[in-house]
Every structure is written in structure tokens, then in C-alpha cells.
Amino acid sequence: MLRRGDYVLCNFPFRESRGPGPSPHIVLCAATGREGNTRFAIVFYTTSQIDFQGARRPRQYLFVNKARALELGQKAAFHVDASRIARLPLTADYFPEPGRNAISATARDADFVSKVEDRMRELIAASFEITKVDAVLDPRLD
């Protein structure tokens, strides 16, 4: 069962197209819920692209160093992007689990979700653009 703080594989939607992304990568689950008959997860995008221009890391990125990434079952350091969040139906299209019916977490870090949410609130207060995808509310995204 998917829970707050779980890192799971997800076909997170690309900015350039509608519907599930073309390949699974890790996302951080902030919450789960149900709307009508649709179970969903609210997830933050992650990226293994950790290089950046300038002297300071862009403020929307929370860095997970290689040592912590290894503890979480990942092979490399990554960023959690507090400016990209999605509410996605808990379907195989968005959360592929080969040969299984349940979504399984690769790791869990519930405390880190709070840090990401705090950063998102800071970004919103500073009028930073937050990319929100809602594939539950807008079924055309499927």
C-alpha cells in the first residue's frame, strides 16, 4: 500500500505532452486519497540531473546526496523538485509494477516530504510558478 514518504516508480507526465510519461522513474509520494471511485497519489517529481548553472542550486530543488540516495535504494544523487507536483490515478498507466497488482515502494522518507512541502509553500509565497498536474480532475490527461 502506497504511503506518504514512499519513493515509487511512476510514469510522471512530461510537460510537453498529456497522459503518462513514456518511462518510469522515481517520484516522492506526498499523500494518497480517493475521489469517487478513483484512488490517487499526490507525488513530487524527481530528477537525477543534478548539475546546475551558477553559484547556487535553484531553490525549487531539494538535493539528495549519493550516500542518502544509496540508503534509499537509488544508484545516484538526485533532486526532488518542489515545483512539480501531480495528482495521478493509481493505475498501471501511471504506476507500472511489472507482474504485480500492488504499488511497492523502493524506499520511504516521510520526514523529507515535509521539507519538500515547506519549500513548495515558500515558492508559492514568492510567486514562483508551480507546475500542477491533475490527471484525476482532468481525465483528458489520460
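Computed from the coordinates by the stated procedures, all read-outs in this text should not be read as laboratory data. Everything quoted here is computed from the prediction, not taken from an experiment. When we count neighbours, we look across all protein chains shown, and the Cβ atoms used for this are built from the backbone with ideal geometry, even at glycine.
Just a few scattered comments:
- Across ASN65, ASN37, ASN11, mean-square fluctuation computed from a Gaussian network of the chain (C-alpha pairs under 10 Å connected) peaks at ASN37.
- Here the simple spin-label model places points 7 Å from the Cα toward Cβ, and for ALA31 and ARG3 these points are separated by 1.8 nm.
- Hits among lysines - C-alpha to C-alpha of LYS75 under 21 Å, sequence gap 8 or more where chains match: LYS66
- Multiplying the residue separation of ASP118 and GLU97 by 0.36 nm and removing their Cα-Cα distance gives an extension gain of 4.5 nm.
- Sites PHE63 and ARG18 - FRET efficiency at Förster radius 41 Å, r taken between beta-carbons, to 0.05: 0.85
- In the chain, excluding the sites themselves, the longest stretch lacking any of the GluC sites (Glu not before Pro) that are in a DSSP loop with at most 10 other Cβ atoms within 10 Å is 17-128.
- Gain upon complete extension [ASP134, ARG39; 0.36 nm per residue less C-alpha separation]: 32.9 nm
- Rounded to the nearest 20 debye, the dipole size of the range 6-141 about its Cα centre is 140 debye, using +1 on the Cβ of Lys and Arg and -1 on the Cβ of Asp and Glu.
- GNM flexibility winner over the chain from PRO58, PRO24, PRO89 (Cα, springs under 10 Å): PRO58
- Compared with the dominant Cα axis of the chain, that is its longest principal axis, helix 110-125 is turned about 70°.
- Remark: relative contact order (the chain) = 30 percent; criterion is Cα-Cα distance under 8 angstrom and separation of 6 or more residues.
- A convex hull fitted to the Cα coordinates of the chain yields 122 cubic angstrom per residue.
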